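**Q** I'd like to ask you about the structure that follows.
Any read-out appearing in this document is the output of simple, stated calculations on the displayed coordinates, not a laboratory observation. All figures in this text were calculated on a predicted structure; none of them were measured in a lab. Don't worry about glycine lacking a Cβ; one is built from the backbone with ideal geometry, like all the others, and counts go over all protein chains shown.
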Amino acid sequence: MKQFSVKIEVKLKAVVLDPQGKAVLNALGGLGFNGVSDARVGKIVELTMEGESSEEIGRKADEMCRKLLSNPVIEDFSVEIAEK
Amino acid sequence: MPNFGVLFFPGSNCDHDCYHAIRKILAQPCDLIWHEETSLAGIDCVVIPGGFSYGDYLRAGAISQFSPVVSPLRELAGLGVPVIGICNGFQILVESGLLPGAFIHNSSLKFVCRWTSVRVEDTDTPFTCTLRKGEVLKLPVANAQGNFVLPPDGNSSQGRRIVLRYCGDGGALTSEANPSGAEDNIAGIANSRGNVLGMMPHPERSFESLLGSEDGRKMFESVISWIKSRNADGKAV
């Protein structure tokens with residue numbers, strides 16, 4: 001068995017309004033950071049997983065994202081896998 | 001008399017409000033059912049109350065959809081038994097796929113706790129069958145993620161019916177009347193069959209004039225009347 005670090009990024013789809021991102025954008029402007037035209041807030045889930053190959057880990061992580069970690073109606077996800 | 005079942009999850013906090021409304025005010029049989037229960041036999045109407053199940057971790061309602069009680073809930077929903085999800089209960093129904101759509105943070109980014117007016121758009125559901133189309137109900141909301149969005153891809157295969165919309169006191173659909181920024185002023189939707197209803201406002205908090213409104217009670221009186229007429233017709237609910 002090998003150990004893998006799995007980093008899952010979940011973010012709202014581009015077409016979905018992001019109220020948190022809007023608030024962050026406004027706050028950055030208020031702090032004097034000019035030139036920021038957009039902000040989107042997402043989530044990162046880091047997992048440590050055991051398995052035989054990164055393909056196997058990828059399949060499992062993909063299923064986790066579809067079932068629980070993301071809501072496919074409004075969110076997209078991406079998975080990064082690195083062997084430890 | 002219809003048997004009500006109020007489900008509760010770790011972090012539900014409106015379960016006793018619902019129980020009080022049904023058991024004490026309407027004097028109907030009502031069970032409080034823990035989310036680990038695997039059977040809902042004998043229940044004529046399921047109520048999924050508000051709160052913060054599993055602390056709203058990940059997304060509101062995301063983790064509760066895998067509780068054991070959701071399996072028999074799916075079965076009853078499929079049989080046409082009335083199911084109402086209120087606030088976090090609505091979020092759970094959406095996450096479990098029993099209703100379409102999703103929730104994001106309120107457009108104001110604030111927790112919104114206030115009275116709203118909602119207009120009845122569809123009276124062909126158990127919870128609205130004794131109401132008038134266009135009737136305006138005064139009901140309170142209390143949520144941070146009540147900003148309902150329909151699937152952006154416009155997936156038409158998933159049946160949906162808009163049952164309640166936020167409106168002004170006179171019934172006009174305005175953005176000021178929409179406390180969370182919900183798409184199309186949607187306050188409540190049902191599945192295509194109409195037996196599964198999700199709504200953000202709290203009918204159980206508006207059962208007594210002392211609390212400011214009795215309009216929420218009308219929705220529960222409606223479902224009681226619906227169940228009784230089904231039973232009188234000899235139809236299996």
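**Q** Of all residues in the stretch B:90-101, how many are on the phi < 0 side of the Ramachandran plot and either among the small types (Gly, Ala, Ser) or assigned to a loop (DSSP other than H, G, I, E, B) (or both)?
**A** 4
**Q** Has the stretch B:63-73 got any residue that is part of a loop (DSSP other than H, G, I, E, B), farther than 24 Å from B:HIS20 by Cβ, within 14 Å of chain A (Cβ to nearest Cβ) and touching a Gly at 6+ places or on another chain (Cβ under 8 Å)?
**A** So far as the stretch B:63-73 goes, no, none of its residues is part of a loop (DSSP other than H, G, I, E, B), farther than 24 Å from B:HIS20 by Cβ, within 14 Å of chain A (Cβ to nearest Cβ) and touching a Gly at 6+ places or on another chain (Cβ under 8 Å).
**Q** Next question, about the same structure. Just checking: which of the strands (runs of 3 or more DSSP E) contained wholly in the stretch B:102-212 hold 1 or more residues that are aromatic (Phe, Trp, Tyr)?
**A** In the stretch B:102-212, B:102-104, B:112-120, B:147-149, B:161-167 are the strands (runs of 3 or more DSSP E) which contain 1 or more residues that are aromatic (Phe, Trp, Tyr).
**Q** Considering the stretch B:213-235 alone, what residues qualify as being outside any helix (DSSP H, G or I) and either within 19 Å of B:ASP15 (Cα to Cα) or touching a residue at least 60 places away in the same chain (Cβ under 8 Å) (or both)? Steps first, please.
**A** Of all residues in the stretch B:213-235, those outside any helix (DSSP H, G or I) come to B:213-214, B:233-235.
Selection gives B:SER213, B:GLU214.
**Q** Tell me, which residue of the stretch A:36-55 that is touching a residue at least 40 places away in the same chain (Cβ under 8 Å) and in a strand (DSSP E or B) is nearest to B:PHE103 (Cα to Cα)?
**A** The qualifying residue nearest to B:PHE103 (Cα to Cα) is A:GLU46.
**Q** Now a separate question. Taking the residues in the stretch A:1-41 that are crowded, with 16+ Cβ neighbours inside 10 Å and small (Gly, Ala, Ser) as candidates, determine which candidate is nearest to the other protein chains (Cβ to nearest Cβ).
**A** A:GLY21
**Q** For the stretch B:160-180, what are the residues that are closer than 21 Å to B:LEU131 by Cβ and polar (S, T, N, Q)?
**A** B:ASN178
The rows are residues; the columns are (1) within 14 Å of chain A (Cβ to nearest Cβ); (2) farther than 20 Å from B:GLN28 by Cα.
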{"residue": "B:PRO151", "(1), (2)": "yes, yes"}
{"residue": "B:ASN191", "(1), (2)": "no, yes"}
{"residue": "B:MET219", "(1), (2)": "no, no"}
{"residue": "B:SER222", "(1), (2)": "no, no"}
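**Q** Let me ask something else. So which residues in the stretch B:71-89 are more than 8 Å from the chain's Cα centre (by Cα) and not acidic (Asp, Glu)?
**A** B:SER71, B:PRO72, B:LEU73, B:ARG74, B:LEU76, B:ALA77, B:GLY78, B:LEU79, B:GLY80, B:VAL81, B:PRO82, B:ASN88
**Q** Collect the residues in the stretch B:33-62 that are surrounded by 24 or more Cβ atoms within 10 Å (Cβ to Cβ) and in a helix (DSSP H, G or I), keeping them in residue-number order.
**A** B:SER53
**Q** Could you give me the residue pairs with C-beta distances under 7 Å whose first residue belongs to the stretch A:56-79 and is more than 11 Å from chain B (Cβ to nearest Cβ), whose second residue is aromatic (Phe, Trp, Tyr) wherever it lies, and which are 6+ apart or on separate chains?
**A** A:ILE57/A:PHE4; A:CYS65/A:PHE77
**Q** Still on this model: Since B:ILE86 meets every condition but one in (1) within 13 Å of another protein chain (Cβ to nearest Cβ); (2) under 18 Å from B:PRO201 (Cα atoms); (3) in contact with a Gly (Cβ under 7 Å, 6 or more places away or on another chain); (4) not small (Gly, Ala, Ser), which condition does it not meet?
**A** Condition not satisfied by B:ILE86: (1).
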